[in-house]
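Enquirer: Structure in structure tokens, see below.
The values are calculated or read from the model by the stated rules, or taken from the named source; none is laboratory data. Worth saying up front: this structure is predicted, and the values here are computed from it rather than measured. A quick note on method: Cβ atoms are made from the backbone with ideal geometry, for glycine too, and the neighbour counts reach across all protein chains shown. Note: accessible area is taken over every heavy atom of the protein model, side chains too, but ligands, DNA and RNA are not part of it. Shrake-Rupley method; radii C 1.70, N 1.55, O 1.52, S 1.80 Å.
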Amino acid sequence: MRGTVSAGRGRLRAKRVIDTALILATAPLTLAAGAVTAVLVRIFMGSPVLYRQNRIGRDEQPFELLKFRSMLPETTASGAILTDGERLTAFGRLLRKSSLDEIPQLINVLRGEMSLVGPRPLLVHYLPFYTDLERRRHEVRPGITGAAQVGGRNLLGWDERLAIDAEYARHGTLRDDLGIIIRTVEGVIRSEGVVEDESTVIEDLDVHRSRPGTGSHSLRRITAGDPSAPDPLMEGGMDPAAYTVLAVIAEGTDRPIGIVGFERSPGDGVPLVQVRVDPDRAAPDAEAVSLALLLEFMRDQGGFTGAAALIPGRNSESIRVHSEMGFSITDPAAAMLRLELRP
């Protein structure tokens, strides 16, 4: 294990040296292209020239991503709201198609926030929606280009993109990086797989990964330290460090009506599940809806081995809800009943 960790750190150090050397070697070309692009953005798009947005970097730390602005403001002078398609001008499409809008990210690379090659840095509010395996994409610095980009650029679905990113983070080599850079240059020249307005081909990850139930509720993952975690509902030992925890959100609101969760590393292979709903906010069927959404989420993660629940014998309503979902009592004489669901 120590050898693997040391090799990973060595690879990251080597990438940092190579990134810096390549940027310095190509500085005359990129500085000239950047200066011309900045002037054109100022003429055609106005001020500001740079677009800044917080993204998630290595070790899930946020940083400010820099790009040349390619879209108009969200509202007109009269206050009318514009769609992304309306905000993206012909000049903006040209910037994206040629990838000239990415030039300022070389500053992010020099700062150590990014690398030339790595998983693309995604939006901060996507963080709760990754699987545990997909979150390994954050073990390396994000990149201006990456394996998922040369594998299909903007045409891949989320599951494919994130799987490629996680695989690269775990097993990518410097030789892979060289191949990705070459294929990126070829793709930019040929404009292969370029989608100027990504919203026309793929929905946001948080929308894609929402888990609706009967059209009334969805799940949102909660991570350790998540400032939006519903603290009053977290009491009782469902620690996000040991459990995968999800908030149950009622449609049309952003307030959790409860939380659900399951053990990440169960000792016997059958994870304990927990469901808690707020009686002051939840409808009468909220526990059943929440449990159904949790089981759906667990099955979607793959490798479903079943589930178990510990419920006080006096809580007849929870026992009924779990029984209707297929759980069976394993020890009816115990004060704390164990119910199990097998695939």
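Enquirer: Step by step: first the residues of the stretch 70-117, then only those that are surrounded by 13 or more Cβ atoms within 10 Å (Cβ to Cβ) and among the hydroxyl-bearing types (Ser, Thr, Tyr), then the one that is modelled with the highest pLDDT. Which residue is that?
Expert: My answer is SER115.
Enquirer: Against the condition under 30 Å from HIS138 (Cα atoms), touching a His at 6+ places or on another chain (Cβ under 7 Å) and charged (D, E, K, R), how does ARG58 come out, does it pass?
Expert: Answer is yes for this residue.
Enquirer: Hey, among the residues in the stretch 315-339 that are hydroxyl-bearing (Ser, Thr, Tyr) and under 18 Å from LEU293 (Cα atoms), which one's modelled with the highest pLDDT?
Expert: Step by step, filter the stretch 315-339, then rank; the result is SER323.
Let's see how each residue does on (1) in contact (Cβ under 8 Å) with a residue 24 or more places away in the chain; (2) open to solvent by 20 Å² or more (accessible area, probe 1.4 Å); (3) not basic (Lys, Arg):
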{"site": "VAL260", "(1), (2), (3)": "yes, no, yes"}
{"site": "GLU287", "(1), (2), (3)": "yes, yes, yes"}
{"site": "LEU291", "(1), (2), (3)": "yes, no, yes"}
{"site": "GLY302", "(1), (2), (3)": "no, yes, yes"}
{"site": "ALA308", "(1), (2), (3)": "yes, no, yes"}
{"site": "ILE311", "(1), (2), (3)": "yes, no, yes"}
{"site": "ARG314", "(1), (2), (3)": "no, yes, no"}
{"site": "ALA334", "(1), (2), (3)": "no, yes, yes"}
{"site": "LEU337", "(1), (2), (3)": "yes, no, yes"}
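Enquirer: If you check VAL17 against the conditions, is it among the aliphatic types (A, V, I, L, M), within 32 Å of the chain's Cα centre (by Cα) and open to solvent by 30 Å² or more (accessible area, probe 1.4 Å)? Spell out the reasoning first.
Expert: Working: among the aliphatic types (A, V, I, L, M): yes; within 32 Å of the chain's Cα centre (by Cα): yes; open to solvent by 30 Å² or more (accessible area, probe 1.4 Å): yes.
So VAL17 passes the test.
Enquirer: What's the total number of residues in the stretch 20-49 that are touching a residue at least 40 places away in the same chain (Cβ under 8 Å), open to solvent by 80 Å² or more (accessible area, probe 1.4 Å) and out of contact with any Phe, Trp or Tyr (no Cβ under 7 Å at 6 or more places or on another chain)?
Expert: Matching residues across the stretch 20-49 total 0.
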